[in-house]
Amino acid sequence: MPLKNIALVFICVTALAFTPHERIAPERLDWDTHFRATPDPNSNYAAVTSTIWQYGYRSTIRGNNLQIDFNFLGGVDANRSWVKRDKIRNRNVSKTLLNHEQGHVYINFLLLKNGEQILKNQGYTIQNYKRLVDKTAKDVSKFYNDMQERYDKETKHGSDLEVQQKWDAFFEQELAKF
């Protein structure tokens, strides 16, 4: 390979190494895409956002060396999320309600990204990794499930606009880390 081509490859690799990477962001909700389930007629709520978080891993043990490869999945389950369109009286109500439901997606995204960091960076041994992965995942999941419940309770399901604004600021601050 001529020296000129080697220099060109070096420049390209160096440029790519310093190119800003795309920011990771959670899904942006919209009524038509993310709320396809039939509304629960017995529910007092105008909308429900169902989210998922799943993890899996593959472990390899060679001698005394343990390697764990994780994979994670999170997002909105559109087939279990619903909205009572008759409860949306106007554009402002729609915007306010969708913003509140978006908060549930943000909490799920924080679960996905922070859960990934915690699980990947934990100190595992051959003797403890199965139990520790399971316990840690349960603890992280419980923390964010409790946050989901606290979010609804504190915001009164989005109707307390002042508290909703505080949560919106919290989400903005936390999501800026990704």
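Which residues, taken from region 1-26, are out of contact with any Phe, Trp or Tyr (no Cβ under 8 Å at 6 or more places or on another chain) and either modelled with pLDDT of 95 or more or part of a loop (DSSP other than H, G, I, E, B) (or both)?
1, 2, 18, 19, 20, 21, 22
What do you reckon, is residue 86 in a helix (DSSP H, G or I) and among the charged types (D, E, K, R)?
Against the criterion (in a helix (DSSP H, G or I) and among the charged types (D, E, K, R)), residue 86 qualifies.
Looking at residue 112, is it open to solvent by less than 60 Å² (accessible area, probe 1.4 Å) and out of contact with any helix residue (DSSP H, G or I) (no Cβ under 6 Å at 6 or more places or on another chain)?
So residue 112 passes the test.
Regarding region 88-103, can at least one residue be identified that is modelled with pLDDT of 95 or more and under 30 Å from residue 129 (Cβ atoms)?
No.
Have a look at 146, 139, 160 and point out the one that is among the acidic types (Asp, Glu) and either under 17 Å from residue 46 (Cα atoms) or touching a residue at least 60 places away in the same chain (Cβ under 8 Å) (or both).
160
Filter region 142-162 down to residues that are in contact with a helix residue (DSSP H, G or I) (Cβ under 7 Å, 6 or more places away or on another chain) and under 10 Å from residue 111 (Cβ atoms), then give me how many there are.
3
The values are calculated or read from the model by the stated rules, or taken from the named source; none is laboratory data. From a predicted model like this one, the values you see are computed outputs, not experimental measurements. Positions of Cβ are generated from backbone atoms using ideal geometry, with glycine treated the same way; all protein chains shown enter the neighbour counts. Remember, those area values only see protein heavy atoms, side chains included, never the ligands or the DNA or RNA. Shrake-Rupley method; radii C 1.70, N 1.55, O 1.52, S 1.80 Å.
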